[in-house]
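Working notes, structure below.
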Amino acid sequence: MLFNVVAPCTGYSDLQVYLLNLEVGVGILQRSTAISAVVLAAMPMVAFAAGQLEETVSGFCCLGGDHGQEALSTGLGQSHPSVADLSLDPTWRVYRFKRDGIEYFQVNDLGGRVQLIVGSLDGLLWALPAGEASTQLVLPPQRIVIPQTAIRSEVYLHPSFSIARYRAGDSVVWSVEVSSAAH
């Protein structure tokens, strides 16, 4: 019995007193459990709003063993994430993130607008639905014909691929190109 709310001397039988006390105790326990559950459920949302979800629940968040890598696993999609700029071209910003063995490469313009995000896992490359809707991105094994007048700018170089930008007049095409050493 959790609480002795109804005393045995109130005219109720011992069984009635026990059941009444049990009902009150269970009711308080249920309310207490419900309140605790609501508070615990709200904590990650408060932490997320403060931008600290990964640090708050890193031990419980996600599968994988690479959670302690400073800012490498947080900030994807942000305008100015707090990771190193890896761009080879000073007019662009490239940020690398890693989570659960998957690498993500985000390209931003100097104003912080996301242009594209490429995911990479064991040689497989894909684009995330992020950035400007008008951004044209070509991924392997796709091929396109680049005009001879196009100016190529290598924005990022990875051991197995590169991210390049081709510009011909007002037309721009981003390309993820597998390096010949990766074949």
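Values in this text are rule-based calculations from the coordinates and carry no lab data. Remember, predicted model here, so these are calculated numbers, not experimental data. All Cβ positions, glycine included, derive from the backbone under ideal geometry; neighbour counts span all protein chains shown.
When the Cα atoms of region 70-182 are enclosed in a convex hull and the volume is divided per residue, what value in Å³ results?
It is 109 Å³ per residue.
DSSP loop trypsin sites (Lys or Arg not before Pro) in region 89-182 with at most 13 other Cβ atoms within 10 Å of their Cβ, which ones?
Qualifying residues, ordered by number: ARG113, ARG143.
Skipping prolines and chain starts, which residues have an amide H placed within reach, meaning under 5 Å, of the one on LEU116, given they are 5 or more residues away or on another chain?
Here VAL107 satisfy the definition.
Around LEU116, under 13 Å between beta carbons, what's the net of Lys plus Arg minus Asp minus Glu among the other residues?
+1
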